[in-house]
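The values are calculated or read from the model by the stated rules, or taken from the named source; none is laboratory data. Owing to the predicted nature of the structure, the values given are computational and were not obtained by experimental measurement. Ideal geometry is used to build each Cβ from the backbone, glycine not excepted, and the neighbour counts take in all protein chains shown.
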Amino acid sequence: MADTARSALITGANRGLGREIARRLHELGLRVVVAARDGRSAREVADALGDGATGVELDVTAPESVRRARDLAGPVDVLVNNAGEMSDQGYDPLTVPIDVVHRHITVNALGALRVSQAFVPAMVERGWGRVVMVSSGTGSFHNGLFGGAPAYSLSKAALNGVTQLLATATTGTGVLVNAVNPGLVRTRMAPRAARTPRDAAADIVDAVQLPDDGPSGTFRRHGKQIEW
C-alpha cells in the first residue's frame, strides 16, 4: 500500500477520527484527499499534511456537492466513508423525533451510499479498490441495537446493509467493501471516550490494507471479522 499511485478520499476528515485516518494514510504514501462539508477546514488539514494531500468541500447529503468533489478529486483507489452525525442522545425509540431519525439516516447511511455511487464505479473499471465504512457496534443486531441513541443506531444498521449490498455488487471486481466498528472514540461526539483517534484509525487502515484475496462484505474490529 506504499505505492504512491494509490489515492484515498476520506469524508469528514477535517477533525477527529477522519483527520487521523487521513494522516495515517498519508504517512503510508497515498495521495490523500481530505473531504469535509467545511471546505476551508479540509484545505487547512491538507496543507498541514503537506505534499500529496489536497482538501475538497464535500457535503454527503448534497448530490451536486458530491459530484463537484468527484470532479476535483479525480479517480480514487480508497474511499473511507467516515462522515457521520450523532445528535440524538437522550431520546428513546418511542420519543425520538422522526426528523432526527431522518437526518441521521440521510448522513450516515444514504450519504455513504451517495459518495460510494460517485467513486466506486471507476474503481470497478480499473479493477482495484477499497471501500471502508466507519460503522458502530450500536448498529449491530448481534449485540442488540442501542436504544440510548436510536436514530444513530438505526442509521448504522442501515450503513451495515449498504456495506453488504455494495460488497455483493462488486464481487469479483477487485473492489473490497467492508465496515469497521472502531468502538467509542474520543472525538467531538464522545469527548470522554477512552480510545484515541490514533488507536481507532489503525482499525480503518487495516481494512484499507486488506490483500487482494481478502474478505469483502464483512464487519470488522481490531483487524478481525465480527458478527453483524
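From Ala83, Ala42, Ala46, Ala73, which residue is in contact with a Ser or Thr (Cβ under 9 Å, 6 or more places away or on another chain) and closer than 20 Å to Trp128 by Cα?
On the way: Ala83 fails: closer than 20 Å to Trp128 by Cα; Ala42 fails: closer than 20 Å to Trp128 by Cα; Ala46 fails: closer than 20 Å to Trp128 by Cα.
Result of the check over Ala83, Ala42, Ala46, Ala73: Ala73.
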(message) For a quick check of your reading: which strands (runs of 3 or more DSSP E) sit entirely within the range 1-91 and have at least 1 residues that are more than 12 Å from the chain's Cα centre (by Cα) and among the β-branched types (Val, Ile, Thr)?
(response) 31-36, 53-57
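Taking the stated definitions as given, is Gly55 modelled with pLDDT of 95 or more and either within 19 Å of Glu85 (Cβ to Cβ) or in contact with a His (Cβ under 7 Å, 6 or more places away or on another chain) (or both)? Steps first, please.
Working: modelled with pLDDT of 95 or more: yes; either within 19 Å of Glu85 (Cβ to Cβ) or in contact with a His (Cβ under 7 Å, 6 or more places away or on another chain) (or both): no.
Here the answer is no, as Gly55 does not meet what is asked.
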(message) Where the second residue is among the polar types (S, T, N, Q) and surrounded by fewer than 18 Cβ atoms within 10 Å (Cβ to Cβ) and the first is more than 18 Å from Ala8 (Cβ to Cβ) and lies in the range 35-64, which pairs have Cβ atoms under 7 Å and are six or more apart or on separate chains?
(response) Thr61/Thr106
(message) Out of the residues in the range 117-166 meeting the condition of being aromatic (Phe, Trp, Tyr), at pLDDT 95 or above and surrounded by fewer than 21 Cβ atoms within 10 Å (Cβ to Cβ), tell me which one is farthest from the chain's Cα centre (by Cα).
(response) Phe141
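Here's the yes/no breakdown for (1) at pLDDT below 95; (2) more than 17 Å from Arg198 (Cα to Cα); (3) in contact with a Lys or Arg (Cβ under 8 Å, 6 or more places away or on another chain):
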{"residue": "His26", "(1), (2), (3)": "no, no, no"}
{"residue": "Leu30", "(1), (2), (3)": "no, yes, yes"}
{"residue": "Val34", "(1), (2), (3)": "no, no, yes"}
{"residue": "Arg37", "(1), (2), (3)": "no, yes, no"}
(message) If Pro75 satisfies all but one of (1) of a type outside the set (A, V, I, L, M, F, W, C); (2) over 16 Å from Ala158 (Cβ atoms); (3) free of Cβ contacts under 8 Å to residues at least 60 places away in the same chain, what's the number of the condition it fails?
(response) (3)
